[in-house]
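The values are calculated or read from the model by the stated rules, or taken from the named source; none is laboratory data. Source: prediction; values computed, not measured. Counting neighbours? That spans all protein chains shown, and the Cβs are built from the backbone with ideal geometry, glycine included. SASA here: full protein model, heavy atoms, side chains in, ligands and nucleic acids out. Shrake-Rupley method; radii C 1.70, N 1.55, O 1.52, S 1.80 Å.
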Amino acid sequence: MSIDKTFLYAEIQVAIPFGEIDWRAINAAMQKEPGLKSKTWLAGINTNTIGGFYEFDSLENAKAYATGYLAAAAKQLGGSLTVKLFNGDITADANRGMDSPFYERAKDAIPA
């Protein structure tokens, strides 16, 4: 299955306050991962779980990231990993209709 825009939600079940995470070093390492276009960090309210919402250029790169980098991070932290993958291609028009920052509006689109 070829998907050009894949979103990945990930959460590691650990209790680490976000201020204790070396996110600068993690960001630098993540930027080397093939196909990763963006990440929005997430920190669980009242749980201190850590995670993110990612955009990848393909389903294959998202799967490789989940089973490689994320799985290793969860193991290193001693936490359980939850990952969900989403097809961004089939929802493109609906997202453009809401002016999502992850989608460009077509130049000739009629304003909603």
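Ignoring ligands, DNA and RNA, please state the percent of accessible area on the range 9-112 from carbon and sulfur, probe 1.4 Å. Please report the intermediate quantities before stating the final value.
Numbers: 3830 of 6830 Å².
Roughly 56 percent, rounded to a whole number.
With a point put 7 Å past each Cα toward its Cβ, work out how far residue 42 is from residue 26 in nm, to one decimal.
Rounded to a tenth, the inter-label distance reads 1.3 nm.
What do you get for trypsin sites (Lys or Arg not before Pro) in the range 1-81 restricted to DSSP loop and a cutoff of at most 12 other Cβ within 10 Å of the site's Cβ? Write down the numbers at each step before the final one.
Details: sites: 5, 24, 32, 37, 39, 63, 75; in loops: 5, 32.
Filter output for the range 1-81: 32.
Which value, in Å² and to the nearest 10, is the accessible area of residue 99 when all protein chains are kept and the probe is 1.4 Å?
Looks like 100 Å² after rounding.
Run the simple label-point estimate for residue 76 and residue 95 please: 7 Å along Cα→C-beta, distance reported in nm.
Spacing of the two 7 Å Cα→Cβ label points: 2.8 nm.
Pairs 5/37; 37/63; 5/84; 37/75: which are spaced more than 18 Å apart, C-alpha to C-alpha? Walk me through the numbers on the way to the answer.
Numbers: 5/37 10 Å; 37/63 14 Å; 5/84 14 Å; 37/75 24 Å.
Table pairs above 18 Å Cα-Cα are 37/75.
Do you know the relative contact order of the chain, to the nearest whole percent, from alpha carbon pairs under 8 angstrom that are 6+ apart?
Working: 161 pairs, mean separation 42.8, N = 112.
With pairs under 8 Å counted, the relative contact order is 38 percent.
Charges on Cβ only, +1 for Lys and Arg, -1 for Asp and Glu, centred on the Cα centroid of the chain; of 78, 8, 65, which one is farthest towards the dipole's positive end?
Final value for the positive-end residue is 78.
Direction-averaged shadow area of the convex hull around the Cα atoms of the chain, nm²? The partial results should precede the final answer.
Numbers: hull surface 33.2 nm².
In nm², the orientation-averaged hull projection of the chain is 8.3.
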